[in-house]
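The values are calculated or read from the model by the stated rules, or taken from the named source; none is laboratory data. Bear in mind the structure is a predicted one, so any value in this text is a computation, not a measurement. With ideal geometry, Cβ positions are generated from the backbone for all residues, glycine too; neighbour counts draw on all protein chains shown.
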Amino acid sequence: MMHGALEDISKAVGDTPIVRLNKVAREVKSEIYVKCEYLNPGGSHKDRLAWNLLRRAEEAGLEPGGTIVEATSGNTGASLALLAAVRGYKCVFVMPDKMSQEKIAGLRAFGAKVVVCPTAVDADDPRSYYVVSRRIADETPNSFYANQYHNPANPEAHYLWSGPEIWKQTAGELDVFVAGMGTGGTLSGCGKFLKEKKPDIQIVGVDPVGSLYYDFVKTKRITKPFSYKVEGIGEDFFPTTMNLGILDDIVRVDDKECFTMTRALTREEGLFVGGSGGAAVAGAIKYARKLDRPRRILVFLADGGAKYVSKIFNDDWMRENGFLDDDPGAGTVADLLASRRRQAIVTAQPSSRVRDVIAKLKELGISQLPVVERGKLVGIVGEVDLLRYLVSGKKTLDSSIGELVEGDYATVTPNTKIELLQSVLADAKVAIVTQGEAVVGILTKIDLIDYLAKRNAPPSPPPPRKAPAAREKPRVPARPPKRAKRT
Ligand SMILES: Cc1ncc(COP(=O)(O)O)c(C=O)c1O
């Protein structure tokens with residue numbers, strides 16, 4: 001072996017640099033650093049996962065020549081394909097159709113077979129990529145289902161490797177660790193290790209608007225997920241690899257924030273990262289804004305930008321999706337709220353009585369109310385549920401509504417685009433608008449129709465012409481007003 005050479009490319013995984021952000025986070029006092037996982041040879045942090053998955057599979061008897069099957073949005077596939085090439089395995093990858101062409105072509109470049117499934121189906125639908133991948137693994141002899149969403153080897157990779165690496169590189173001088181929330185491997189594994197070393201370290205997850213995690217952490221309710229564009233983070237089900245208990249805080253970001261920050265990281269910091277990297281930094285800055293004193297924050301940058309040149313780094317795609325400021329599209333939820341006459345948001349508490357909630361619904365002519373406890377959203381209560389419970393005799397008018405509170409809604413933010421709200425409301429009966437923890441609005445289809453109808457209404461006729469200005473005509477001297485004659 002030549003001096004200084006690695007045995008094979010898999011030995012180049014890890015030891016990724018940590019770099020300070022110098023421009024994009026100027027507005028906050030905390031120091032923000034990024035861990036450049038996108039510099040791994042397979043293009044992301046999933047190289048570490050692939051290494052540990054295969055290590056565990058080989059320990060369990062997997063032999064070279066076998067087939068690795070995985071449901072992957074691309075990065076895990078790239079990492080498994082790389083290791084498979086080095087160690088002599090075949091690969092079949094199943095992925096949702098929202099993934100970029102570059103990602104799919106990248107996997108095929110390694111000789112992997114790629115099966116594409118529809119994104120817009122439930123996770124337990126037979127066409128979903130989770131179900132299809134499981135079926136292929138069951139039907140292929142001598143195969144190994146990597147199962148990154150439920151395989152403990154996923155968080156273990158970060159517990160054994162990324163976590164200790166971060167600790168060593170920083171000499172423990174970090175106060176906050178921030179990462180995007182996908183399978184949870186990164187957060188659960190690094191989080192566990194870092195907390196063992198430094199119990200007061202803050203572990204912060206970043207979740208895209210549309211994913212289930214944020215609402216679940218905040219309200220313990222499973223709300224309606226909806227689709228979004230940023231890839232690799234957010235889920236519409238709960239992987240067992242995600243330990244939500246490790247989180248100290250969770251921050252929500254929308255697609256536009258993610259992609260604007262992704263472009264800024266590349267243009268201003270020279271960090272050519274993917275959308276989830278932009279999401280993580282945008283989330284870290286939001287978190288840092290709330291802090292009462294400056295902290296050292298380390299953000300995990302999962303993958304690189306090359307796979308997204310036709311999307312995030314393409315002005316046409318950004319414009320078509322309303323992510324560029326020069327195209328306001330149909331506006332945002334904030335515009336809709338501003339256009340409504342009724343501004344004050346009416347809420348109930350879990351302790352409110354059924355009788356009072358019905359009276360409120362009747363008085364306002366609405367069918368559901370957000371339920372808030374100590375300023376935080378805990379769910380909604382709707383007339384249909386109140387009625388059902390009253391009819392069943394389980395509740396009386398004097399019962400509290402606590403048990404009737406449900407999670408059958410989606411949450412959006414004031415920045416959510418109207419186009420997205422439209423698809424959210426196609427599925428969810430109501431969308432609750434939250435800003436931070438506060439509820440700032442509740443929207444149904446009729447609000448959206450109203451807003452769009454007003455926008456599309458023909459311009460109102462011009463006002464009647466004013467009397468000619470005084471300059472054009474000599475002014476008639478004002479006479480004192482006539483008094484009514486008193487009789
Ligand atoms: C681009 C990207 N970012 C972030 C993540 C999230 O990482 P984890 O699955 O460890 O939570 C993933 C995972 O698929 C990803 O592909």
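Scanning region 291-332 for residues that are of a type in the set (A, V, I, L, M, F, W, C), assigned to a helix (DSSP H, G or I) and within 18 Å of the chain's Cα centre (by Cα) yields one hit, Met318.
Applying the criterion of being in a loop (DSSP other than H, G, I, E, B) and more than 9 Å from the ligand (Cβ to nearest atom) to the residues of region 153-197, the residue that is surrounded by the most Cβ atoms within 10 Å (Cβ to Cβ) is Leu174. On the basis of being assigned to a strand (DSSP E or B), in contact with a helix residue (DSSP H, G or I) (Cβ under 9 Å, 6 or more places away or on another chain) and away from the ligand (no atom under 16 Å from the Cβ), does Val346 make the cut? So Val346 does not fit the description; no.
With the structure loaded, tell me whether Ala279 is away from the ligand (no atom under 13 Å from the Cβ), of a type outside the set (Lys, Arg) and modelled with pLDDT of 95 or more or whether it fails that test. Taking the combined requirement at face value, the residue does not satisfy it. Looking only at region 28-39, decide whether some residue is part of a loop (DSSP other than H, G, I, E, B), assigned by TED's automatic domain parsing to the domain that holds Thr262 and not hydrophobic (A, V, I, L, M, F, W, C). Yes, region 28-39 contains a residue that is part of a loop (DSSP other than H, G, I, E, B), assigned by TED's automatic domain parsing to the domain that holds Thr262 and not hydrophobic (A, V, I, L, M, F, W, C). Going through (1) of a type in the set (Val, Ile, Thr); (2) within 16 Å of the ligand (Cβ to nearest atom); (3) surrounded by fewer than 17 Cβ atoms within 10 Å (Cβ to Cβ) one by one, Thr140 falls short only on (2). Residues that are acidic (Asp, Glu) and surrounded by 24 or more Cβ atoms within 10 Å (Cβ to Cβ) are absent from region 306-318.
Every residue in region 122-135 that is surrounded by 14 or more Cβ atoms within 10 Å (Cβ to Cβ) and within 13 Å of Met95 (Cα to Cα), please. The answer is Ala123, Ser128, Tyr129, Tyr130, Val131, Val132, Ser133, Arg134. Here Tyr129 clears all of (1) away from the ligand (no atom under 13 Å from the Cβ); (2) modelled with pLDDT under 95; (3) out of contact with any helix residue (DSSP H, G or I) (no Cβ under 8 Å at 6 or more places or on another chain); (4) within 29 Å of Asp254 (Cα to Cα) except the condition numbered (1). Evaluated against (1) away from the ligand (no atom under 16 Å from the Cβ); (2) under 25 Å from the mean Cα position of the chain (by Cα); (3) aliphatic (A, V, I, L, M), Ala71 falls short on exactly one condition, (1). The condition of being among the small types (Gly, Ala, Ser) and in a loop (DSSP other than H, G, I, E, B) holds for Ser227. Here His150 qualifies as surrounded by fewer than 22 Cβ atoms within 10 Å (Cβ to Cβ), within 13 Å of the ligand (Cβ to nearest atom) and under 23 Å from Leu83 (Cα atoms).
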